[in-house]
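Step one of this worksheet: look at the structure below.
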Amino acid sequence: MAVFITGASSGLGEALAVRYAAAGHTLGLLGRRKDALLALAARLPGEHHIYAIDIRDREALHAAARHFEQAVGTVDLVIASAGVSAGTLTGEPDDFEVFTEIFATNVFATMATFEPFISGMTQRRAGTLVGMSSVAGVRGLPGAGAYSASKSAVTTYCESLRLELKPRGVAVVTIAPGYVRTAMTARNPYRMPFLMDADDFARRAERAIAKHVSYSVIPWQMGVVARVMRCLPDWLYDRLAVDAPRKPRRGEPSRR
């Protein structure tokens, strides 16, 4: 099986790459840092293709997708796991650029990652596209307007895409991680319930992807939390969440 993974130079993408390479699959590894991708490919079994590009560069992303598809013949699985996070405040003018970066990376790059593979998958009536959402997208979190909104958009976008492609034989899977031990969560200055290791996350995500689970929260305990959050009336959610701890903005120190 050929698997194309974005955000592969660190975090969830790296953990998923390790998992799929161990299963004997051929990978297309895309990320910003060439040195990290080379180091990852060197320790993985098998031969893989690396693409060191900015995920926001749609033309370069599509060129990488075309190269990988030509190299392997058929791409069976595409995982759009590239993502960024930062605290944001709408009242701070400097944060507009951070909002733009987060949406460009988390939302628009997810769409651009899927685009070049859809035609081939629908022609074969086979293939799986995986979008990486987050529990943070279930309800808006204070100080995380950009991240929460971007992940909510990923969830809704993947749902729309699932309905479009299901009759054409292509599966769309949405994975919503809770707290996973990565460089992204290392800056969180607050307690993270049900924090799990990245390799454990990858193992569970691989299982959900193989089963074509349409929407899966990992770990399952955070799935329970997510369902409760969805059901809370606004007045109660506001009371519980208004003073929730916040992720630092760019340039702010992480205080624990």
- Message: Only one of His62, His49 is touching a strand residue (DSSP E or B) at 6+ places or on another chain (Cβ under 9 Å), free of Cβ contacts under 8 Å to residues at least 60 places away in the same chain and not hydrophobic (A, V, I, L, M, F, W, C). Can you tell me which?
- Response: His49
- Which listed residue is within 16 Å of Glu206 (Cβ to Cβ) and basic (Lys, Arg), from Arg43, Arg19: Arg19
- Query: Looking at Ala136, is it touching a Lys or Arg at 6+ places or on another chain (Cβ under 8 Å), free of Cβ contacts under 8 Å to residues at least 60 places away in the same chain and outside any strand (DSSP E or B)?
  - Reply: yes
- Item | Sole exception among (1) assigned to a helix (DSSP H, G or I); (2) out of contact with any helix residue (DSSP H, G or I) (no Cβ under 6 Å at 6 or more places or on another chain) for Ile102, by number | (2)
- Item | In region 113-135, the residues that are out of contact with any Ser or Thr (no Cβ under 9 Å at 6 or more places or on another chain) and over 17 Å from Lys151 (Cβ atoms) | Glu115, Pro116, Phe117, Ile118, Ser119, Thr122, Gln123, Arg125, Thr128
- Task: Inspect all residues belonging to region 240-255 and state whether any of them is surrounded by 11 or more Cβ atoms within 10 Å (Cβ to Cβ), under 19 Å from Leu12 (Cα atoms) and of a type in the set (Gly, Ala, Ser).
- Result: no
- Item | Every residue from region 139-183 that is of a type in the set (S, T, N, Q) and farther than 17 Å from Ala208 by Cβ | Ser148, Ser150, Ser152, Thr156, Ser160, Thr182
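Here, each number is a calculation from the coordinates, and none is a lab measurement. Since the model is a prediction, treat every value here as computed from it, not as a measurement. Note: ideal-geometry Cβ built from the backbone for every residue, glycine included; neighbour counts use all protein chains shown.
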